[in-house]
Amino acid sequence: MKSKDLFNLAKKVIPSGVNSPVRYFEPYPFYVKKARGSSIWDEDGNRYTDFCNGYGALLLGHRNKEVISAVKKQLDIGTMYGAPSAAEIDLSKLIIKNYPSMQKIRLVNSGSEATMTAIRLARGITKKKKILKFEGCYHGAHESMLVKAGSGSAHNGISISDGIPEDFSKNTVVVQYNDIEQLESVISKNKDIAGVIVEPVLANMGLVLPQKNYLKEMRKITKQHNIPLIFDEIVTGFRLGVGGAQEYFGIAPDITTLGKALSNGFVISAVGGRRDIMDQLAPNGKVYEASTFAGNPVSVAAGITSIKTMIALKNKLYPKLEQYCSVLSRTISELADDMQIPHQLNHISSMFQIFFSDSPVVDYKTSKRSDTKKFHRFFHHLLKQGIFIPPSQFETAFFSYAHTADDIEKTVDAYRHALKMVKN
């Protein structure tokens with residue numbers, strides 16, 4: 001088997017054989033050979049309907065023709081400048097048009113880089129040290145945000161990564177999501193909070209939705225205490241709508257981070273916010289941030305075309321994603337009910353996840369109570385049926401515009417089989 005052989009080779013030259021912990025699953029991950037639309041093929045010739053979807057990045061599907069065409073045109077004229085280009089302005093204007101809270105934009109490369117910059121800005125403008133985050137939220141693999149994080153760290157049972165000095169973790173305040181009383185109490189008692197950072201919809205502890213008015217109350221409390229509110233929309237940006245979660249829920253944060261669907265699979269991210277905040281960035285401001293590859297013209301071309309495509313399609317794109325996700329989620333839940341399998345199925349827009357639990361999943365503690373061993377078996381049964389979802393219970397499954405009605409039919413059959421196999 002080629003994937004097995006490749007994994008054995010990879011272990012000799014790559015730590016644990018993978019370049020990101022979330023990609024590993026026992027006994028070994030499959031190795032991708034190619035992708036198109038809603039499908040990926042592994043080196044052994046197996047085809048999978050892809051609901052991992054680049055962990056949410058591929059909103060338009062694999063190899064979207066408009067995006068690929070724009071990238072090919074850019075490749076013909078340059079791949080890296082190390083100097084400004086007009087296209088960076090065009091992309092920033094497109095983002096600002098759809099995210100009015102982002103009055104100025106700084107383009108960066110990854111979600112981690114974007115959230116790191118957002119946090120540095122919050123500390124820079126407030127002159128305070130502590131950042132408040134929510135248990136199980138993942139905001140990138142940098143020091144202060146790997147305290148009680150979700151995603152791969154939750155999957156691997158890591159509460160605080162080795163290699164992080166205590167000075168970093170002591171400046172990270174952690175509260176439970178969907179508990180507004182706890183949030184208000186902690187903020188009222190702590191006068192050294194520089195910023196509050198949150199995934200408005202949690203996608204790194206499975207999928208957890210905000211309870212009614214929770215985000216509005218969060219916005220109200222942070223304003224009352226003059227604390228910058230950072231919306232980490234690396235996942236939800238463009239996915240809940242062209243204007244992301246802030247448009248979906250009607251809330252204007254002070255700082256926003258975007259990534260993933262911004263460029264439909266190309267490496268780029270962005271941090272933006274109120275003009276007075278963003279103007280603190282160097283060289284004119286005193287908050288330093290720099291990157292050799294920031295504003296890379298290939299990724300910028302992908303970003304411009306991705307957004308323009310989403311805008312052009314939005315009257316079809318988002319209703320289709322919502323419909324497909326609702327139909328599949330409802331059907332899976334009905335199948336589990338019929339088989340008397342305790343479960344919770346959270347979904348919103350084009351995102352969904354099942355938890356094998358008999359109580360609602362509303363925060364990190366309740367997500368951790370779900371049966372992760374059953375989920376692991378479930379994942380493998382789906383994989384054998386040609387359905388690829390993220391291997392971890394603490395990730396989220398995603399639809400793309402490329403998914404079809406036939407994909408849903410196939411996926412329902414696969415979920416039916418997998419549920420039967422894990423019933424006992």
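The values are calculated or read from the model by the stated rules, or taken from the named source; none is laboratory data. Every value quoted in this text rests on a predicted model; they were computed, and no experiment measured them. Ideal geometry is used to build each Cβ from the backbone, glycine not excepted, and the neighbour counts take in all protein chains shown. Areas reflect the complete protein model, heavy atoms only, side chains present, ligands, DNA and RNA absent. Shrake-Rupley method; radii C 1.70, N 1.55, O 1.52, S 1.80 Å.
Residues that are crowded, with 24+ Cβ neighbours inside 10 Å, closer than 17 Å to GLY56 by Cβ and either of a type in the set (Phe, Trp, Tyr) or touching a strand residue (DSSP E or B) at 6+ places or on another chain (Cβ under 8 Å) (or both) within the stretch 266-315 comprise ILE268, SER269, ALA270, listed in sequence order. When restricted to residues that are more than 21 Å from GLY136 (Cα to Cα) and either more than 19 Å from the chain's Cα centre (by Cα) or open to solvent by 10 Å² or more (accessible area, probe 1.4 Å) (or both), the stretch 222-241 contains 5. Any residue at all in the stretch 322-344 that is assigned to a loop (DSSP other than H, G, I, E, B), open to solvent by 10 Å² or more (accessible area, probe 1.4 Å) and under 24 Å from PRO200 (Cα atoms)? The answer is yes, given that some residue of the stretch 322-344 is assigned to a loop (DSSP other than H, G, I, E, B), open to solvent by 10 Å² or more (accessible area, probe 1.4 Å) and under 24 Å from PRO200 (Cα atoms). Listed by first and then second residue, the pairs linking a residue in the stretch 371-385 that is basic (Lys, Arg) to a residue that is part of a helix (DSSP H, G or I), with Cβ atoms under 8 Å apart and 6 or more places separating them unless they lie on different chains, are LYS374/VAL422; ARG377/MET421; ARG377/VAL422.
Given (1) under 23 Å from the mean Cα position of the chain (by Cα); (2) within 21 Å of LEU59 (Cα to Cα), where does LYS365 come up short, assuming only one miss? Result: LYS365 fails condition (2) only.
Meeting the requirement of 1 or more residues that are in contact with a Cys (Cβ under 8 Å, 6 or more places away or on another chain), the strands (runs of 3 or more DSSP E) wholly within the stretch 183-296 are 193-198, 229-233. Taken together, the residues in the stretch 248-264 that are open to solvent by 20 Å² or more (accessible area, probe 1.4 Å) and in contact with a Phe, Trp or Tyr (Cβ under 8 Å, 6 or more places away or on another chain) amount to 1.
Restricting to the stretch 345-389, and then to whatever is closer than 24 Å to SER39 by Cα and part of a loop (DSSP other than H, G, I, E, B), can you tell me which residue is most open to solvent (accessible area, probe 1.4 Å)?
GLN385
Looking at the stretch 8-32, which of its residues are β-branched (Val, Ile, Thr), without any contact (Cβ under 8 Å) to a residue 24 or more places away in the chain and surrounded by 17 or more Cβ atoms within 10 Å (Cβ to Cβ)? Passing the criteria: only VAL18. Do we have any residue at all in the stretch 6-20 that's within 17 Å of ALA397 (Cβ to Cβ) and of a type outside the set (A, V, I, L, M)? Checking the stretch 6-20: not a single residue is within 17 Å of ALA397 (Cβ to Cβ) and of a type outside the set (A, V, I, L, M).
The residue of the stretch 396-424 that is modelled with the lowest pLDDT, among those that are open to solvent by 10 Å² or more (accessible area, probe 1.4 Å) and in a loop (DSSP other than H, G, I, E, B), is ASN424. What are the residue pairs meeting all of these: first residue in the stretch 70-82, first residue over 21 Å from LYS308 (Cα atoms), second residue surrounded by fewer than 10 Cβ atoms within 10 Å (Cβ to Cβ), Cβ atoms under 8 Å, and 6 or more apart or on different chains? As it stands, the answer is GLY82/THR292, since those pairs meet every condition given. Restricting the first member to the stretch 329-347 and to residues that are over 25 Å from ALA245 (Cβ atoms), and the second to residues that are open to solvent by 40 Å² or more (accessible area, probe 1.4 Å), the beta-carbon pairs closer than 6 Å and six or more apart or on different chains are LEU335/ARG416; MET339/LYS423; ILE341/LYS423; PRO342/ASP358.
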